[in-house]
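Undergrad: After the structure tokens below, expect a handful of questions from me.
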Amino acid sequence: MCLAVPMKIVSKDGDNVVAEVDGVQKEASVMLLAEEVAVGDYVIVHAGFAISRLDEEYAEETLRLMREVFSDEGIT
Amino acid sequence: MKHGVKFQDEFRDRGLVKNMAANIRAMAERLTHPVNFMEVCGTHTMSIYQHGIRTLLPENVRLVSGPGCPVCVTPISYVDKALACTTDPLNIVATFGDMLRVPGSYSSLMEERAGGADIRIVYSPLDAVSLAKNNPERRVVFLGIGFETTAQTIAASILAAASLELKNYCVLAAHKTMPAAMEILTADPELNLTGYLCPPHVSTVIGGNAYKPLADKYHIPCVVTGFEPADVMQGIEMLLVQTLRDEGKVEIQYSRAVSWGGNPKAQAILHQLFEPCNTLWRGLGVLPDSGLAIRGEYAEFDAERVLALDVPDALENPACLCGEVLKGKLTPADCPLFAGVCTPESPVGACMVSSEGTCAAAYKYGR
Ligand code: SF4
């Protein structure tokens, strides 16, 4: 029930967006978000609402860090 | 063209996860005591079972599932109240699908629906508002359960109903707030918790700062962690680093979705609609200020006030060990009913009903 899925916004009309993941489209409201979102942004969708924007820069940063810390040489 | 989520595959990269496991094993050799890290999010529970995370960890790094499944922590008395709502032919009971098969004292919503009660499954609380709008001669009672993540969407639905001036929409609210439960579990010496993988979606609302009082008071490491396998592994690694350094602070691993302050707009809406109340958690008992009650200003949307529901004391199945499973004291396999009498097709306890329940996850992804 608490399931929430990262999806990409494919269209936007006021507070209503259509978001998509793996070819499945869903309508969602962005009225709970404090920040502006645009088509192309990734959001987490839960029970018909976008509950958070996924920040691509932070995602890249997290991955970079993971790869750095957990590279094969990093293991002692 | 299909749009996958661009980072998803990378956070599921098996090679990366394997390296992370090796690193964790190396670090764990420096531990003087075994550690118990608890996850309190149903999505974590599922992900940990689905991706076999436990099998990647050394024996002295234990993962314990806590009360992260909203359906599972909902007491039987709530289900009984929901069932009572179905007896009035005026009412349409609208609910998330997970609630349907949860056994109440005498019946379940599924059984009542088979018997003709008007019970509708909705994907979003806004669908329940539309139901009310399209059925002006009926009354829609929405079953509002869940943590902060879901509570904000239900608050939004009440605001939507208010702006449409609907007089036939109300919510049977039993929302719960997570940090209060974590405090009780942390204080339990039997559980002996060493750290928390804090819930990703709840934290998008309340922010990393919400765990600071807990971390400070109990000197316990708390890491807000995403739910992909590489996220979970990194969360565990961060907890281990803190443990080895004898630190007890809050960190955010899931920085791509969670900030320190959380979502101010969602917090304002939650505050506008709800006030803290004492509430009964299945397995944990009544926890002070851990629930969200609809404020007096919105009484006309509060099913408790509108319907004056009075139900007899709830009957628990004494053989069901859900309460102990929810506290992380027992694993599903410790329950004599697990996989025999109690299965997802015919669940005895709530932990077997919801796909995020520990018993259901254990059943589906190997015991
Ligand atoms: S296996 Fe079934 S009866 Fe046993 S604790 Fe889990 S839900 Fe309850």
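The values are calculated or read from the model by the stated rules, or taken from the named source; none is laboratory data. In this text the structure is predicted, and so the values were computed from the model without any measurement. A quick note on method: Cβ atoms are made from the backbone with ideal geometry, for glycine too, and the neighbour counts reach across all protein chains shown.
Undergrad: Return only the number of the condition from (1) touching a Ser or Thr at 6+ places or on another chain (Cβ under 9 Å); (2) of a type outside the set (A, V, I, L, M, F, W, C); (3) at the interface with chain B (Cβ under 9 Å from one of its Cβ atoms) that A:Asp15 does not satisfy.
TA: So the condition that A:Asp15 fails would be (3).
Undergrad: Within segment B:304-323, does at least one residue satisfy the condition of being under 29 Å from B:Phe227 (Cβ atoms), within 14 Å of chain A (Cβ to nearest Cβ) and within 16 Å of the ligand (Cβ to nearest atom)?
TA: No, segment B:304-323 contains no residue that is under 29 Å from B:Phe227 (Cβ atoms), within 14 Å of chain A (Cβ to nearest Cβ) and within 16 Å of the ligand (Cβ to nearest atom).
Undergrad: Just the residues that are facing chain B (nearest Cβ under 10 Å) and either surrounded by fewer than 23 Cβ atoms within 10 Å (Cβ to Cβ) or more than 13 Å from B:His201 (Cα to Cα) (or both), please, taken from segment A:41-53.
TA: Once the filter is applied, which keeps residues that are facing chain B (nearest Cβ under 10 Å) and either surrounded by fewer than 23 Cβ atoms within 10 Å (Cβ to Cβ) or more than 13 Å from B:His201 (Cα to Cα) (or both), segment A:41-53 yields A:Tyr42, A:Gly48, A:Arg53.
Undergrad: Regarding segment B:171-187, can at least one residue be identified that is more than 29 Å from B:Gly235 (Cβ to Cβ) and of a type in the set (Asp, Glu)?
TA: Scanning segment B:171-187, I find no residue that is more than 29 Å from B:Gly235 (Cβ to Cβ) and of a type in the set (Asp, Glu), so the answer is no.
Undergrad: In segment B:351-367, which residues are of a type in the set (Lys, Arg) and away from the ligand (no atom under 11 Å from the Cβ)?
TA: B:Lys364
Undergrad: If you check B:Ala82, B:Ala94, B:Ala117, which single one turns out to be under 26 Å from A:Gln25 (Cβ atoms) and either part of a loop (DSSP other than H, G, I, E, B) or small (Gly, Ala, Ser) (or both)?
TA: Going through B:Ala82, B:Ala94, B:Ala117 in turn, just one is under 26 Å from A:Gln25 (Cβ atoms) and either part of a loop (DSSP other than H, G, I, E, B) or small (Gly, Ala, Ser) (or both): B:Ala94.
Undergrad: Taking segment B:3-20 as the search range and keeping residues that are crowded, with 20+ Cβ neighbours inside 10 Å and more than 7 Å from every other protein chain (Cβ to nearest Cβ), which one is modelled with the highest pLDDT?
TA: Step by step, filter segment B:3-20, then rank; the result is B:Val17.
Undergrad: Quick one: which residue in B:Gly340, B:Gly296 is out of contact with any helix residue (DSSP H, G or I) (no Cβ under 7 Å at 6 or more places or on another chain), small (Gly, Ala, Ser), over 23 Å from B:Gly42 (Cβ atoms) and within 16 Å of the ligand (Cβ to nearest atom)?
TA: Just a single option satisfies the conditions, and that option is B:Gly340.
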